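The values are calculated or read from the model by the stated rules, or taken from the named source; none is laboratory data. Because the structure is predicted, anything quoted here is derived from the model rather than measured. Backbone-built Cβ (ideal geometry, glycine too); neighbour counts: all protein chains shown. Calculation scope for accessible area: heavy atoms of the full protein, side chains included, ligands and nucleic acids excluded. Shrake-Rupley method; radii C 1.70, N 1.55, O 1.52, S 1.80 Å.
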Amino acid sequence: MKIVTIIGARPQIIKAAALSRAIRNHFADQIKEVIVHTGQHYDVNMSQVFIDELGVPEPDYNLNIGSAGHGVQTAGMITGIEEILLKEKPDFLVIYGDTNSTLAGAVAASKIHIPIAHVEAGLRSFNKSMPEEINRIMADHASTLLFTPTPTGLDNLINEGFSKENKAPFTPDHPGVFHCGDVMYDNSLFFETIAREKSKILNELNLKEGEFYLATVHRDNNTDQPTRLNALFEAFQEITTSTQKTLVLPVHPRTRKMLPQNLNDELYAKVNENPFIRMIDPMSFLDMIVLEKHCDMIFTDSGGVQKEAYFFQKPALILRSETEWKEIVTQGCARVVNADKIKILEAFDYFNTNKNTLKFPTIFGDGKAAEFIVDILLKNS
Ligand code: UD1
């Protein structure tokens with residue numbers, strides 16, 4: 001059997017690592033995987049570092065699309081992916097998550113009738129102003145096999161007319177829906193031990209367990225809207241000044257570009273002078289999970305990081321107006337605080353007082369989601 005895997009943005013390289021590992025360890029003689037990197041992310045620390053560190057095979061193709069508006073970026077990817085699919089003729093195209101690379105793969109394959117397997121299907125923010133929401137809805141509705149990471153993901157698909165009772169043979173009009181858990185949970189379990197041995201990040205940054213906070217901000221509605229970006233950084237400024245604790249902020253390239261443009265001058269100067277706000281380059285996955293595991297609390301607008309907070313039993317403040325990972329909020333371990341300074345400060349105080357009472361039951365599967373997915377692909381090829 002042959003699959004073509006599309007990667008492009010940082011989180012997809014990480015997710016693909018889980019499937020590539022499952023293929024290598026359990027199904028090497030049965031599957032050939034061809035990897036296509038769209039080039040959506042291209043900085044070394046947004047892309048190659050993950051390929052090197054996580055055991056993802058070097059991509060067979062790189063489309064080198066890079067940054068552009070949604071139309072140019074996605075169209076370039078569709079053209080390149082279609083050509084490769086016509087040449088490789090795989091049994092399945094495997095796509096991950098909700099980025100423009102995911103959408104491009106879905107459009108290219110569905111038009112030439114190559115079955116699509118969507119990993120991380122069914123997630124919804126119910127906010128169609130997010131490009132990711134459009135990408136995930138369209139990817140799900142073009143897919144033949146859909147793999148949901150959470151019970152909410154499965155419910156969302158059923159509400160949109162999918163049936164989990166469908167039996168093989170599957171087609172885009174009669175798709176197979178499988179609840180399998182989260183490949184990111186597989187990865188966190190697998191890489192935790194490796195990270196403990198290899199990562200030197202705590203020493204490099206001179207950080208002690210429980211004595212620092214971790215934050216990430218990269219969603220376009222936070223970086224590109226000055227009111228929101230200012231509110232977030234005012235909150236970071238206030239929290240670090242009052243607690244005198246370090247906040248580590250690995251800065252996404254989009255954020256790096258927008259901070260000087262969109263923070264007001266006074267706040268920008270204060271944040272840069274604040275010794276407790278440590279803005280650093282994007283982290284490798286191993287360093288990132290060490291920071292997540294040893295920090296005190298996490299502030300993030302990333303889908304992946306809010307979940308990793310849960311995996312490593314840390315409270316998370318979600319810097320968005322909603323989340324696709326509802327379970328961690330219902331469980332009381334995360335709060336949706338938007339870019340609202342008052343809500344951020346309130347939730348910060350709440351978690352500061354209550355963090356030791358939080359419970360983190362298993363929600364994201366058994367750590368073997370990737371093996372399950374590969375097995376289903378094989379059975380349906
Ligand atoms: C993309 C995904 C988002 C995912 C995120 C992970 C879409 C619509 N969004 O957002 O779902 O959570 O990746 O990081 O696909 N840039 C660089 N170097 C890089 C990559 C990006 O400088 O290696 C800069 C460019 O200025 C670019 C901007 O970041 O214009 C945004 O990159 P883009 O791929 O458009 O989206 P992300 O914000 O990374």
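Hey, any idea what Rg/Rh is for the chain, computing Rh the Kirkwood way over Cα pairs?
Numbers: Rg = 20.4 Å, Rh = 21.2 Å.
Computed over Cα atoms, the ratio is 0.96.
With a probe of 1.4 Å, find how much accessible area region 161-212 has per residue, and write the answer as a whole number in Å².
60
Quick one: how many Å² of S125 are accessible to a 1.4 Å probe, rounded to 10?
10
List the residues, sorted by chain then number, that are 5 or more residues from A9 or on another chain and whose placed amide H is less than 5 Å from its amide H.
Those qualifying (amide H under 5 Å, at least 5 residues apart or on another chain) are H41.
Round to the nearest 10 and give me the degree value, 0 to 90, for the angle of helix 183-198's Cα axis relative to the longest principal axis of the chain.
Tilt relative to the chain: about 60 degrees.
At a 1.4 Å probe radius, carbon and sulfur cover how many percent of the accessible area of region 193-357?
Values: 3230 of 7110 Å².
On region 193-357, the fraction of accessible area on carbon and sulfur atoms equals 45 percent.
Is region 100-254 best put as rounded, prolate or oblate by its Cα gyration tensor, with a ≥ b ≥ c the root eigenvalues, rounded for a/c under 1.5, and otherwise prolate when a/b is larger than b/c, oblate when not? Can you show the working numbers first?
Details: a/c = 2.68, a/b = 1.82, b/c = 1.47.
The shape class here is prolate.
Please report the net charge: other residues with Cβ closer than 11 Å to the Cβ of F190, K and R +1, D and E -1.
Around F190, the surrounding residues sum to 0.
Explain nothing, just compute: Karplus ³J(HN,Hα) = 6.51 cos²θ - 1.76 cosθ + 1.60, θ = phi - 60°, for every residue of region 200-211 in order, whole Hz, x for Gly and Pro.
3J(HN,Hα) across region 200-211, in whole Hz: 10, 5, 5, 5, 4, 9, 6, 10, 10, 3, x, 10.
Each residue of region 339-348 in turn: what ³J(HN,Hα) in whole Hz from Karplus with 6.51, -1.76, 1.60 and θ = phi - 60°, glycine and Pro shown as x?
9, 10, 4, 4, 4, 4, 5, 5, 5, 4
Given an 8 Å cut-off on Cα distances and at least 6 residues of separation, report the relative contact order of the chain as a percent.
Relative contact order of the chain: 16 percent.
In Å², and per residue, what accessible area does region 32-154 have when probed at 1.4 Å with the other protein chains present?
With the other protein chains kept in place, region 32-154 gives 37 Å² per residue.
Please give the calculated 222 nm ellipticity per residue for the chain, where each DSSP H segment of at least 4 residues contributes -39500 (n - 2.57) and the sum is spread over every residue; nearest 500 deg cm²/dmol?
Working: 17 runs with 186 residues, N = 381.
My calculation for the chain gives -15000 deg cm²/dmol from helical runs alone.
Taking Cα pairs under 8 Å and at least six residues apart, what relative contact order does region 127-266 come out at, in percent?
Computed value for region 127-266: 19 percent relative contact order.
Between Q331 and K208, 0.36 nm times their residue separation minus their Cα-Cα distance comes to what? Each step should come with its number before you reach the end.
Working: separation 123, 0.36 × 123 = 44.28 nm, distance 2.77 nm.
Length difference between fully extended and current span is 41.5 nm.
For V336, which sequence-distant residues (separation of 5 or more, or a different chain) have an amide H within less than 5 Å of its own amide H, given hydrogens modelled in the peptide plane?
I318
Between helix 70-88 and the chain, what is the angle of the helix's C-alpha long axis to the longest principal axis, kept within 0 to 90° and rounded to the nearest 10?
40
Out of residues 5 or more away from I116 or on other chains, whose amide H comes under 5 Å of its own, with H placed 1.01 Å from N in the peptide plane?
L93, T144, L145
With a ≥ b ≥ c taken as the square roots of the eigenvalues of the C-alpha gyration tensor of region 163-254, please select rounded if a/c is under 1.5 and otherwise prolate if a/b is larger than b/c or oblate if it is not? If you can, show how the numbers build up before the last one.
On the way: a/c = 3.48, a/b = 1.64, b/c = 2.12.
Oblate.
Ranked from highest to lowest mean number of other Cβ atoms within 10 Å per residue, what is the order of the peptides 326-338, 68-80?
Order by mean packing, descending: 326-338, 68-80.
Ranking request for peptides 146-159, 237-250: highest mean number of other beta-carbon atoms within 10 Å first, then the rest in descending order. Can you show the working numbers first?
Details: 146-159: 21.2, 237-250: 17.4.
Top to bottom by mean Cβ count within 10 Å: 146-159, 237-250.
Highest first, please rank the peptides 111-118, 95-102 by the mean number of other Cβ atoms sitting within 10 Å of their residues.
95-102, 111-118
With axes computed from alpha carbons, what is the tilt in degrees of helix 226-243 against the longest principal axis of the chain, rounded to the nearest 10 within 0 to 90?
Compared with the principal axis, the helix lies near 50 degrees.
If you average the sequence gap of Cα pairs under 8 Å that are 6 or more apart and divide by the length of region 193-357, what percent do you get for the contact order?
26
What are the ³J(HN,Hα) couplings of region 264-278, residue after residue, when phi is run through the Karplus curve with 6.51, -1.76, 1.60 and θ = phi - 60°? Round to Hz, x for glycine and proline.
Here the 3J(HN,Hα) series is 5, 4, 5, 5, 4, 5, 4, 4, 5, 8, 6, x, 8, 9, 10 Hz.
For region 29-81, rounded, prolate or oblate, judged on the Cα gyration tensor with a ≥ b ≥ c (square roots of eigenvalues), a/c < 1.5 rounded, else prolate if a/b > b/c?
oblate
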